[in-house]
Amino acid sequence: MTLLHMLMPLMVVLSSLIPGLIIFTLREDQIELRTLLNLSGVFIKMALVITMLIGVSQGYSYEFRLPFLPNADLTLRGDALSLQFVTLSSILWMATTIYAIGYLEGSPLRSRFFGYFSLCVSATVGLALAGNLVTFLLFYELLTLATFPLVVHRGTKAALRAGRIYLAYTLAGGTLVLLGVVLLHDIAGSPEFTIGGYLTVFETEHSASLTLAFALLIAGLGVKAALFPVHGWLPRAMVAPAPVSALLHAVAVVKAGAFGIVRVVYDVFGVDLVQNLNLMPPLLWLAAFTIIFGSVMALRQTELKKRLAYSTVSQVSYITLGVALLGPIAAIGAIAHLVHQGLMKVTLFFCAGNFAETLHVHRIQDMNGIGKRMPYTMAAFTVGALGMMGAPPIAGFITKWHLGLGALEVGQAWVLLVLVGSGLLNALYFLPLIYRGWFGLPPKAWPEDTGLGGGSPGWRETHWMLLLPTLFTAVVSILVGVLAGTSISPLAWAKLVVDLEFSL
Amino acid sequence: MNWALLSLALPLLSAFWVLLVRRAVSETILFATLVSLTAALAAFYQVQSDPVQTLLLGDWTLPLAIRFELTSLNALLMVLTATIHFLVGLYNRFSRHGSGRYSDYWPLSAVLHSALVALWLSRDLFNWYVTLELLTLVAVALVTLSGPKAYRAALGYLVLSLIASLFYLLGVALLYGEYGVLDLDRLSALAVDSANTRLALLLMVLGLMLKAALWPLYLWLPDAHANAPTAVSALLSALVVKGPLFILWLTLTQIAPVEFAQQLGLIFALFGSVALLSGAWSALRTPYLKTLVAYSTVAQLGYALITLGLLLRWQTPELATALWLFVIAHALAKVSAFLAAGEMQATFGSKELIAVRGASQSMPLAMFAFAVAGGSLIGLPPSGGFLAKWILLQPLFAEPAHWPWALAILLGTLASAAYVFRVVALAFDRYDVETELPQTDALAQWLSLLPALVVWGLALISQPLMLWLSTGANP
Amino acid sequence: MTEFQLFLGLGLLLFLLGVHGLVLSEHTIRRLIAINVSGGGVFLVMVSLASRGDSVDPVMQALVVTGLVVAVSATAFALRLGSALTRAESSDREGDH
C-alpha cells in the first residue's frame, strides 16, 4: 500500500473539515472567499471520491490508521459499502452547498452556518469511512455536535426547543451506542469491520452479552435512524433551515443511523449470527411497524415539511427492513435504498424550500396551482413523490422491487403486505399534493411572492441556485432508476457490496 | 529527581523574591512557572528511563527522613500543575478581567503551585498534612482576592478545611501511635487489620473527603469556587481538590486492610454515583453561570469517587489509570470552562446564566471553548474525558453483576450533557441584532480555548498516556 | 486507668467536643474557638501517645510543635478574615440605609 493509499481516506475527511474550520474564522462580508472555500472543498472531495471508487472497483484498498485505544485503533477505510455512502454524501453535499448559498443569501451568521455545515459533512464522511466500531462511535458523536448548531441556526424559541429535543434524543442514543461498543470491545476487542462479522466465534460463550450489545446498538442507532418509538426528534427538527433539513434527512443524521445498522448487522455480527441469536424477528417487526406508522402519521400532517419528515421516518425504515430480512436480494434493496431515498428526499426538501422561500407556501392547502407559478420545481417534486411511492422507472421502484423479491426469497411473504400498504399510504399522502400542484386552482395572490430570481414561471421562477440543485437531484433520481441495469448505478454497486457480504 | 526539586522550588522562591522586591511581579512569576514547567518535563523525561526515583530529604535516613518519590504519574501531575498554572497565569495577566500585574494573586498562586508539587512528591503522612494546610491557607487567601463579596464563602471554606485537617491529623497521630512510622511504604509493610487502624483511616478519609469536596461533604465548594476570581476558580477546581484525592488514593491502596478498603470502596462508589446525579441536578437548577461550573466539579468528582471506590472494592489497581485520566481530563476541561465562563460573566457584566443568551454570536470563541470543554466533561469521543470513561467501563462490562455501575455512568453522562447544553443552547438563542455587541477580548477567549483543545488532543497520545499512568500508578 | 489512657481519652473527648461545637454554632468566633478546642484535643492525643513508652518520642513532639504553628497561623488568618467579613457586612448594612 502506498502512502497515497493510506492518506486517501483521511484526505476525504479533511477536504471538508479544513475549509470548514477556515470558514469559522471568516467575517460575514467575505462572501467570495467563503464560497470559494466551500466549492473547492466540494470539488476536491468529489475528485478524491471518484479516484477511490475507481481504485476500489479495481481491487485496491485504502486504509488510514492511528493508534487510539488499546485494541482499537482509529481506522478510516474505503471499502465498497463505505464508498457507496461517501459518494452519496459528496454528491448531495455539492448540491446542498449550492442550494444553501442561494438560500441563505443576505441572512446573518453565514460563516457559522457554513462552518458547521462542513463539519457535519466531515463527520458523515468519517462515519462512512470508519473502519471499526470505535471510530464509528467517534464520528457518530461528532455528527451530533456538528448538527446541533445547524438545527438551532435560526435561534428562535421553536428552533431552540427542537434543538434541545434533538440533543436529548441523539446524546441518549449515542450513550447507548457507547455502551454497546464497550460491551463488544470487552468480548472481542474492536477489530475492523469484517465481511460476515467477527463475533461468530463468541456465540456459544457470550450469547446473552451479544444479544444485549445488539439491542443497545440498535436502540442507539435507531434514534438517528428515526425508528419507532425514538423518532420524535425528527419532525420537530423541521424548524431548521431547508438545506439543513435536506441534509439531515437525506444523508447526514438519519442515514448515519441506518448506515450504522447496516454495518452492525453485516460487518460486526454477521448475518449468520443475527440469525442464530434469533435477533431478526424483533428488528423486522420494528422496521415494518415504523414504515406503516410513519406513513400514517405523514398522512395526518397539514404542513408540507412535517409530512415529508414523517415520510422519512417511514422510508428510512425500508433500509432497516431490507437488512433485517437477512437475505441477499433484500440486502441489495436496502443498500441501494440508502442512495435512492437520499436522492429523492433531498429533491423533495429542496422543493419544499423553494416553495417556502419563493412564495412563503408552507402548508399543503396553499399548494393549489403552484405548478403554474413554479413548473420546474413542481416537476422535480413530482419526480421525488412518484419515486417515493415506488413508481417505475424512478429510483424508489428499484428498491421496492428488490425488497419484495428479497422478502419472498427468505419466506417472509407478509412483508409484501407492508410494502404494498406503505405504497398505498404513500400514494394517499403524495398524490393529493401532486394533484393540487398541477390541477388545483391557483390563489389570486400567493401568501407572499418574494419574486426571487425574477418571478416568472420557468427558468426564472426562483433563484437559480435554488432551482439548479433541485433539478439536478431530480434528474439523478430518474437516472439511477433508468440506468439501474448498468455497471455505474448505485444498484450495481449495491450488488457488488452484497456479493462480498454474502460471498456469492 | 533534581529536575523535580527544581520544579518544586522555583515557584516558591519566585514568590519570596517578588514579595521582597515588588517589581515585575507577574513577569517574574510567569517566567518561574515556565521554567518550572520545563523542569517538570525534564523530570518526566528522566523518569522514563528510571521508573521510580526516591529522595530522602536532608540526607536523614528512614524513619526520620521525609521521603519524596518520583514516578511517571506524579511527574505527569507536575507537568499538568505547571501547565495549568502557566495558562491561568497568562489569562490573569493579559485578560482585561484579570487581577492585574501587581496583585497578590501572583505570589499566592506560586506558593500554591509549590505546595501542590510537594504534595504529589511526598510519601509521608505528616508532610502531606503540612502541604494540605498550606494548600488550604493559600487557596482561601486566593478566594478573598475577589473582594468582600467572597469573604463569607472564603471563611466557610477555611473553617471546614481546618476541621478537616484536624480529622486527618488525628488519624495520622493514631497511626503513628500504633506503628511508629509516618512513611507510606513502611506503613504499608507494617499495617495490620486492627480497630485502631480502621478508626485512624476513617478519620483521615473523612478529613480528605471534606477537603476534596467529595459527596456528601461538598457543600463548601460551590460558593467558594463560584465567588473566587476567575483565574482562582480555575486553579481550585482543576488542581486543589485533586490533592486530597491523591492522598486518599495512596493511603487507601497502600495502608488500608483489604476488607476495610472493600467496604469503603462500596460506599465510595455509591456516593460517587449520587454525586454525579446530585451535582448535575444542582448545576441544572442554579441561576448563575459560575455556580453551574462549580457544581459540575462536584458531579465530575463523582466519576473520580466511583472509580476510586470500584478500584478498592475489586482491588483492581488497573483502574488507577482511569482515575488519573479523569483527573487530568477534568483539570484541563475545567480550566477552559471556568476561564470561558468567567470571561463571559465579566464581559456581559452579570453573573446570571441568562446573560450568555446569544453568546454564540457575541463571544463565539469563549462559547466554543465552553462547549469543547463541556464535550470532554460529558465524555464525548475522542476527548480525554472519553478515554477515562472508556477504561472505567471496560471492567464494568466484564461481569453482568457489575452492569448496574455502568448504568450509573450512563446516567451521569446524560446528566452532564444536560447541564453543558443548558448553557450552550442558551448561547444559540438568537441575539437581538439591534443591541450593540459588547467589547470582547480575543486573546482571553483564545486562552480559555487552549486547555480544551489540549484535552481533546490527548486522543493523539492516548496510548503512551495510558502507559505512563499505568506504570506510574501501580508502584 | 493509666495516666496515658486518661490523657488519650481526654484528648479524644476534647476533639469531639470541638466538632460538636462547630456543627452547632453559627457564629464565626464560636466556630473558630470550637476548632481550636478540637485542635487542642488532637495535640493532647499526640502528646500522650508520645509519652507512652519509657522515653518520650521526639518525632511526635516535633509534629505537635509543627501542628501548633500551623494552628496558630491558621487561626490568625481566620480571625482576620472574620473581622474583615464583619466590617464588610456592617458597611453593607449602612449602605442599605
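The values are calculated or read from the model by the stated rules, or taken from the named source; none is laboratory data. Remember, predicted model here, so these are calculated numbers, not experimental data. With ideal geometry, Cβ positions are generated from the backbone for all residues, glycine too; neighbour counts draw on all protein chains shown. What goes into the accessible areas is simple: the full protein's heavy atoms, side chains included, and nothing from ligands, DNA or RNA. Shrake-Rupley method; radii C 1.70, N 1.55, O 1.52, S 1.80 Å.
For the stretch A:407-504, list the helices (runs of 4 or more DSSP H) that sit wholly inside it and hold at least 3 residues that are open to solvent by 30 Å² or more (accessible area, probe 1.4 Å) and over 25 Å from A:TYR376 (Cβ atoms); which are they?
On the way: elements: A:414-439, A:464-482, A:490-501.
Result: A:414-439, A:490-501.
Can you say whether C:ARG31 is free of Cβ contacts under 8 Å to residues at least 12 places away in the same chain, open to solvent by 20 Å² or more (accessible area, probe 1.4 Å), touching a helix residue (DSSP H, G or I) at 6+ places or on another chain (Cβ under 6 Å) and part of a helix (DSSP H, G or I), as far as the supplied structure shows? Walk me through it before giving the result.
Details: free of Cβ contacts under 8 Å to residues at least 12 places away in the same chain: yes; open to solvent by 20 Å² or more (accessible area, probe 1.4 Å): yes; touching a helix residue (DSSP H, G or I) at 6+ places or on another chain (Cβ under 6 Å): yes; part of a helix (DSSP H, G or I): yes.
So C:ARG31 passes the test.
Test A:PHE381 against the stated conditions and say whether it is surrounded by 24 or more Cβ atoms within 10 Å (Cβ to Cβ) and under 24 Å from A:LEU419 (Cβ atoms).
Details: surrounded by 24 or more Cβ atoms within 10 Å (Cβ to Cβ): yes; under 24 Å from A:LEU419 (Cβ atoms): yes.
Criteria met by A:PHE381.
Mind checking which residues of the stretch A:281-298 are among the hydrophobic types (A, V, I, L, M, F, W, C) and either open to solvent by 20 Å² or more (accessible area, probe 1.4 Å) or outside any helix (DSSP H, G or I) (or both)? Walk me through it before giving the result.
The initial filter retains those residues of the stretch A:281-298 that are among the hydrophobic types (A, V, I, L, M, F, W, C), namely A:283-289, A:291-293, A:296-298.
Within the stretch A:281-298, A:TRP285, A:LEU286, A:PHE289, A:ILE292, A:PHE293, A:VAL296, A:MET297 qualify.
Could you run through the stretch C:11-28 and say how many residues are more than 9 Å from chain B (Cβ to nearest Cβ) and assigned to a helix (DSSP H, G or I)? First the steps, then the outcome.
Step one: filter the stretch C:11-28 for residues more than 9 Å from chain B (Cβ to nearest Cβ), giving C:13-14, C:16-17, C:20-21, C:23-27.
Add one more test, that the residue is assigned to a helix (DSSP H, G or I), and what stays is C:13-14, C:16-17, C:20-21, C:23-24.
Total satisfying the criteria: 8.
Does C:LEU44 fit the bill of being in a helix (DSSP H, G or I), more than 8 Å from chain B (Cβ to nearest Cβ) and open to solvent by 70 Å² or more (accessible area, probe 1.4 Å)?
Values: in a helix (DSSP H, G or I): yes; more than 8 Å from chain B (Cβ to nearest Cβ): yes; open to solvent by 70 Å² or more (accessible area, probe 1.4 Å): no.
No, not satisfied.
On the given criteria, is A:SER107 among the polar types (S, T, N, Q) and either farther than 30 Å from A:GLU32 by Cα or buried (at least 20 other Cβ atoms within 10 Å of the Cβ) (or both)? Walk me through it before giving the result.
Numbers: among the polar types (S, T, N, Q): yes; either farther than 30 Å from A:GLU32 by Cα or buried (at least 20 other Cβ atoms within 10 Å of the Cβ) (or both): no.
When the stated conditions are applied, A:SER107 does not pass them.
Answer yes or no: is there a residue in the stretch A:264-276 that is free of Cβ contacts under 8 Å to residues at least 12 places away in the same chain and either open to solvent by less than 10 Å² (accessible area, probe 1.4 Å) or not in a helix (DSSP H, G or I) (or both). Please lay out each step first, then the result.
Step one: list which residues in the stretch A:264-276 are free of Cβ contacts under 8 Å to residues at least 12 places away in the same chain, which gives none.
Looking for residues that are free of Cβ contacts under 8 Å to residues at least 12 places away in the same chain and either open to solvent by less than 10 Å² (accessible area, probe 1.4 Å) or not in a helix (DSSP H, G or I) (or both), one finds none in the stretch A:264-276, hence no.
Determine if the stretch B:196-216 includes at least one residue that is more than 30 Å from B:ALA283 (Cα to Cα), open to solvent by less than 10 Å² (accessible area, probe 1.4 Å) and out of contact with any Gly (no Cβ under 8 Å at 6 or more places or on another chain).
Within the stretch B:196-216, one or more residues are more than 30 Å from B:ALA283 (Cα to Cα), open to solvent by less than 10 Å² (accessible area, probe 1.4 Å) and out of contact with any Gly (no Cβ under 8 Å at 6 or more places or on another chain).
Based on this model, can you work out whether A:LEU53 counts as assigned to a strand (DSSP E or B) and modelled with pLDDT of 85 or more? So that I can check it myself, show each step before the final result.
On the way: assigned to a strand (DSSP E or B): no; modelled with pLDDT of 85 or more: yes.
No, not satisfied.
Surrounded by fewer than 20 Cβ atoms within 10 Å (Cβ to Cβ), polar (S, T, N, Q) and assigned to a helix (DSSP H, G or I): does that describe A:GLN301?
Values: surrounded by fewer than 20 Cβ atoms within 10 Å (Cβ to Cβ): yes; polar (S, T, N, Q): yes; assigned to a helix (DSSP H, G or I): no.
No; evaluated as a whole, the condition is false for this residue.
When you look at A:PHE117, is it in a helix (DSSP H, G or I), within 14 Å of chain B (Cβ to nearest Cβ), crowded, with 24+ Cβ neighbours inside 10 Å and touching a residue at least 24 places away in the same chain (Cβ under 8 Å), yes or no? Steps first, please.
Numbers: in a helix (DSSP H, G or I): yes; within 14 Å of chain B (Cβ to nearest Cβ): no; crowded, with 24+ Cβ neighbours inside 10 Å: yes; touching a residue at least 24 places away in the same chain (Cβ under 8 Å): yes.
No: the conditions fail for A:PHE117.
In the stretch B:350-372, what residues are more than 14 Å from chain A (Cβ to nearest Cβ), assigned to a loop (DSSP other than H, G, I, E, B) and touching a residue at least 12 places away in the same chain (Cβ under 8 Å)?
Once the filter is applied, which keeps residues that are more than 14 Å from chain A (Cβ to nearest Cβ), assigned to a loop (DSSP other than H, G, I, E, B) and touching a residue at least 12 places away in the same chain (Cβ under 8 Å), the stretch B:350-372 yields only B:LYS351.
Residues checked against (1) part of a helix (DSSP H, G or I); (2) within 7 Å of chain B (Cβ to nearest Cβ); (3) not charged (D, E, K, R):
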{"site": "A:LEU137", "(1), (2), (3)": "yes, yes, yes"}
{"site": "A:GLU141", "(1), (2), (3)": "yes, yes, no"}
{"site": "A:HIS153", "(1), (2), (3)": "no, no, yes"}
{"site": "A:GLY163", "(1), (2), (3)": "yes, yes, yes"}
{"site": "A:LEU167", "(1), (2), (3)": "yes, yes, yes"}
{"site": "A:THR175", "(1), (2), (3)": "yes, yes, yes"}
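Any residue at all in the stretch A:318-339 that is of a type in the set (Phe, Trp, Tyr), within 30 Å of A:GLY451 (Cβ to Cβ) and in contact (Cβ under 8 Å) with a residue 60 or more places away in the chain? Break it down stepwise before answering.
Taking the stretch A:318-339 and keeping what is of a type in the set (Phe, Trp, Tyr), we get A:318.
Remaining after also requiring within 30 Å of A:GLY451 (Cβ to Cβ): none.
For the stretch A:318-339, residues of a type in the set (Phe, Trp, Tyr), within 30 Å of A:GLY451 (Cβ to Cβ) and in contact (Cβ under 8 Å) with a residue 60 or more places away in the chain: absent.
Taking the stretch B:35-68, which residues are in contact with a strand residue (DSSP E or B) (Cβ under 7 Å, 6 or more places away or on another chain), surrounded by fewer than 16 Cβ atoms within 10 Å (Cβ to Cβ) and outside any loop (DSSP other than H, G, I, E, B)?
B:THR54, B:LEU56, B:LEU57
For residues that are of a type outside the set (Asp, Glu) and not in a loop (DSSP other than H, G, I, E, B), tally how many sit in the stretch A:182-213. Walk me through it before giving the result.
First, the residues of the stretch A:182-213 that are of a type outside the set (Asp, Glu): A:182-185, A:187-191, A:193-202, A:204, A:206-213.
Adding the requirement that they be not in a loop (DSSP other than H, G, I, E, B) leaves A:182-185, A:187-188, A:200-202, A:207-213.
So the answer is 16.
Over 21 Å from A:LEU325 (Cα atoms) and open to solvent by 10 Å² or more (accessible area, probe 1.4 Å), is that true of A:GLY197?
On the way: over 21 Å from A:LEU325 (Cα atoms): no; open to solvent by 10 Å² or more (accessible area, probe 1.4 Å): yes.
No: the conditions fail for A:GLY197.
Criterion first (more than 23 Å from the chain's Cα centre (by Cα) and closer than 15 Å to A:THR358 by Cα) does A:THR450 satisfy it? Don't jump to the end; show me each part of the working.
On the way: more than 23 Å from the chain's Cα centre (by Cα): yes; closer than 15 Å to A:THR358 by Cα: yes.
When the stated conditions are applied, A:THR450 passes them.
Name, by its number, the condition in (1) within 11 Å of chain B (Cβ to nearest Cβ); (2) under 26 Å from A:ALA72 (Cβ atoms) that does not hold for A:GLY126.
The single condition A:GLY126 does not satisfy is (1).
If only one of B:LEU132, B:LEU116, B:LEU145, B:LEU137 is surrounded by fewer than 24 Cβ atoms within 10 Å (Cβ to Cβ), within 19 Å of the chain's Cα centre (by Cα) and assigned to a helix (DSSP H, G or I), which one is it?
Numbers: B:LEU132 fails: surrounded by fewer than 24 Cβ atoms within 10 Å (Cβ to Cβ); B:LEU116 fails: surrounded by fewer than 24 Cβ atoms within 10 Å (Cβ to Cβ); B:LEU145 fails: within 19 Å of the chain's Cα centre (by Cα).
None of the other options fit; the residue is B:LEU137.
Search the stretch B:1-34 for residues being touching a residue at least 40 places away in the same chain (Cβ under 8 Å) and not in a helix (DSSP H, G or I), and hand back the single one that is surrounded by the most Cβ atoms within 10 Å (Cβ to Cβ).
B:MET1
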